[in-house]
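Below is one structure, written out as structure tokens, with a few remarks after it.
Any read-out appearing in this document is the output of simple, stated calculations on the displayed coordinates, not a laboratory observation. Note that this is a predicted model, so its numbers are computed, not measured. Because the Cβ atoms are built from the backbone with ideal geometry, glycine has one as well, and the counts that use them run over all protein chains shown.
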Amino acid sequence: MIDLQTRDIRSFIPAQDFELSKDFYVALGFELAYSDANLALLSSGGHSFYLQNYWIKDWADNSMLHLTVADARACHAQVAALLATGRFPGARVAPPKQEPYGALVTYVWDPTGVLLHLAEWTD
């Protein structure tokens, strides 16, 4: 067996409108740690992902990020207020839902259609 000694894992997420998506994630509270014309590194709570200036609809429609949060209901209220400003066309949020796997989840779709699971563990 190979011992990779993994220190971090980062997913690549598509962006149809790169600038709008970067602004969206910053508005959600992510720090823009790096950005060039094609790639942005966004971080929160010591965890990061790459946002790509690249988009294929089928890929975007099947991309998801699962984030553990302290309070899914508070996240829903804050994201709903952010989206009510109209700054992020195409983005949407669903009310928290208790999932059978033990998390209360607020589902958020970013402006590209990437699905975020803002999950508060309840079990």
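In this structure, the amide hydrogen of GLN98, modeled 1.01 Å from its nitrogen in the peptide plane, lies closer than 5 angstrom to those of VAL105, counting only residues at least 5 positions away or on a different chain.
The Cα atoms of the chain give a gyration tensor whose axes a ≥ b ≥ c have a/c of 1.5 or more with a/b no greater than b/c, which makes the shape oblate. Can you tally the net charge around SER21? Count Lys and Arg as +1, Asp and Glu as -1, for every other residue whose Cβ sits under 14 Å from the Cβ of SER21. So the surrounding residues net to -2.
Considering only beta bridges that DSSP places wholly inside the chain, some 70 percent are antiparallel. Under the combined filter of DSSP loop state and at most 10 neighbouring Cβ atoms within 10 Å, segment 36-122 retains these chymotrypsin sites (Phe, Trp or Tyr not before Pro): TYR101. Label zone of ARG73 (point 7 Å out along Cα→Cβ, amide N under 11 Å): in segment 79-123 this covers 96.
In the chain, helices alone account for a calculated mean residue ellipticity at 222 nm of -6500 deg cm²/dmol, with every DSSP H run of four or more residues adding -39,500 (n - 2.57).
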